[in-house]
Structures are given as C-alpha cells and as structure tokens.
Amino acid sequence: MNYPFLTQKERDVETGLDYFGERYYASMQGRFTGADPYDINLERQETEDPREANALFRDYIEQPQHSNQYAYALNNPLKYVDPDGLYEYEAELLGKKIKVHIDDSILKKDPDALKRIQGNLQKALDKINAGADKLTKDQIQSIGSMSRISVSNQHFLGMSGSTFQITQRTAENPNIDKLAGDIIHDSRHGEQSKRGLSYNETTAIPMEMDASQFAVGVMRNAGGWDAHVLKGFEDDAQSGHLPPGWKDKSTPESRARVFAIMSRPQKRRN
C-alpha cells in the first residue's frame, strides 16, 4: 500500500522510491530497499552502564517487528511515522551527535506525539547550541557527558549513565528555557557519574546542588535565559532536591566530598 500522505518525503520520479535520508523506501511494497543500519548490539556496547545497556536490549527485542530490518514504522504506518528510516534519530548538542529515542508505547497511543516531541526537543537543543561560543571548554565537555535522550512514560525523570530519561510531559514542556535548563542540569549528573559519584540518599542533595549551580553558570554565560527559570535553578543550587519518597541522609562530610570531587579540574576526554 502507498502512504505518501504519511511519509511526506521526496520521491525520485525515475525509480518511484522515497528518500528518507538514511535509505530509500518503496511505498508500493511498504518496505525499505535496504536494511535498517541501526545496530542494537553496537548501542549496547557503547552504553557504559551495564544495567542501562541490558534495559535497552530488552526493550528492543520485546518488539517483534524490530527483527524485520526492512519494515516501515514497525509495519503499522497508520499508527507510527518513521522520520528518517532509523529506529532512533540523531540530534546535535554543542557539536556532538546524541541519540534520541521515543518509546513505542507513546506513539501507539498518540501518533502525533512524534512531531510534537521532536519539535520541542529541537527547540531546547537549539537554545543550548545558540550559546556555544560563550561557554567554556569545561562546560561544553560536561554537557557532552549526555549521549542519549530517552522519552518514555515507563521510567523516572533523570540520568541513567549517559542517558537523560524524561517523560512525554517533560519532553513536551512548552517552557523551552526550562526544558533546556533540565537538559543542562542533568548532563552534569553524567559528569558526576564519570567522576565516580553514585546517586543515593547520602549524595543526592549535594549532587543536585552542584548540577543546578552548573546549570546556572551555563545560563549566565550563554545569556538570554528567562529570569524565572534562572531563579528556580539558583534556588535549587542553594538547597537541592530529592526524588519523591527519599530522605536526606547527607552529612557535612558527604556534602564536602561531593563538592570537592566536582571542583577538581576536568580531565580532557575525546
């Protein structure tokens, strides 16, 4: 079946194929002409946190249509839209490619969510990228600790390894400055993880304070941030916050340790 009204891609009049950026799509057959280049095993190997890597693999294989490397939109074009022929798509954050994944369950309930989420996240990334020339090398490298954004209503909000996990509601937040601030804030948690810190009830408050202070520094350097959003991160830099149900078990010693580790000069990473 032909779905040109859904794909909205450029058609090669000589071959009759639709160009999706990564590969060509034969609408008459409802199949791509080449296999999906996305490799879940490569993604698994590149993910530093073993638990995160296993969760990615489990989520992938639980969808039977992922085994068909030539199918369009999980073989269900009336519910899903494949923007570029890939399982995930890439975006740019301060000159670095990051991957963005939107959970199938969101698109199954709301097919139009793909365009809304993609558009909103792009605005937030554009906000950060616009201030790139005003940021320090350390700030850029720290934000670069984030390599992936995962949008799902099945997990909590926050960093897991180098992946920023957010809900659909967060991804569609119309306050772009707040969404961009959240991306910057949580990228700092990625840097904290790389420095050997673990997020728990003893370290959560100082780690949140450090992450918000980092976000404030980036916002001030970049300029043009909403004053109310900036004030919110400034307040959190003074007090920190906890996930629901957690208790603050930090001590003056545990706080001092976190701040000491995060104040050390950053090691340059490729």
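With respect to LEU197, determine if the residue is surrounded by 17 or more Cβ atoms within 10 Å (Cβ to Cβ), in contact (Cβ under 8 Å) with a residue 24 or more places away in the chain and assigned to a loop (DSSP other than H, G, I, E, B). Spelling it out, LEU197 is indeed surrounded by 17 or more Cβ atoms within 10 Å (Cβ to Cβ), in contact (Cβ under 8 Å) with a residue 24 or more places away in the chain and assigned to a loop (DSSP other than H, G, I, E, B). Residues that are in a loop (DSSP other than H, G, I, E, B) and free of Cβ contacts under 8 Å to residues at least 40 places away in the same chain were ranked within the stretch 143-186; the one that is surrounded by the fewest Cβ atoms within 10 Å (Cβ to Cβ) is LEU157. Only one of the numbered conditions (1) without any contact (Cβ under 8 Å) to a residue 24 or more places away in the chain; (2) within 21 Å of ARG148 (Cβ to Cβ); (3) not β-branched (Val, Ile, Thr) is violated by LYS231, and that is (2).
Inspect the stretch 199-218 for any residue being out of contact with any helix residue (DSSP H, G or I) (no Cβ under 9 Å at 6 or more places or on another chain) and among the small types (Gly, Ala, Ser) and give the result as yes or no. The answer is yes; a qualifying residue exists.
Condition check: crowded, with 17+ Cβ neighbours inside 10 Å, within 30 Å of ASP112 (Cα to Cα) and touching a helix residue (DSSP H, G or I) at 6+ places or on another chain (Cβ under 8 Å). Does ASP236 satisfy that? In short, no. Can you pull out the residues in the stretch 101-142 that are surrounded by 15 or more Cβ atoms within 10 Å (Cβ to Cβ), of a type in the set (A, V, I, L, M, F, W, C) and in a helix (DSSP H, G or I)? If the condition is that a residue be surrounded by 15 or more Cβ atoms within 10 Å (Cβ to Cβ), of a type in the set (A, V, I, L, M, F, W, C) and in a helix (DSSP H, G or I), then ILE106, LEU107, ALA113, LEU114, ILE117, LEU121, ALA124, LEU125, ILE128, ILE140 are the ones that fit.
Among the residues of the stretch 247-270, the one identified as surrounded by 11 or more Cβ atoms within 10 Å (Cβ to Cβ) and modelled with pLDDT under 95 is GLN266.
Per the conditions (1) modelled with pLDDT under 95; (2) of a type in the set (A, V, I, L, M); (3) over 18 Å from ASP103 (Cα atoms); (4) more than 13 Å from the chain's Cα centre (by Cα), the sole criterion not satisfied by ALA113 is (3).
The values are calculated or read from the model by the stated rules, or taken from the named source; none is laboratory data. Only a predicted model underlies this, so the values are computations on that prediction, with no experimental measurement involved. Cβ coordinates were reconstructed from backbone atoms using ideal geometry, including for glycine residues, and neighbour counts include every protein chain displayed.
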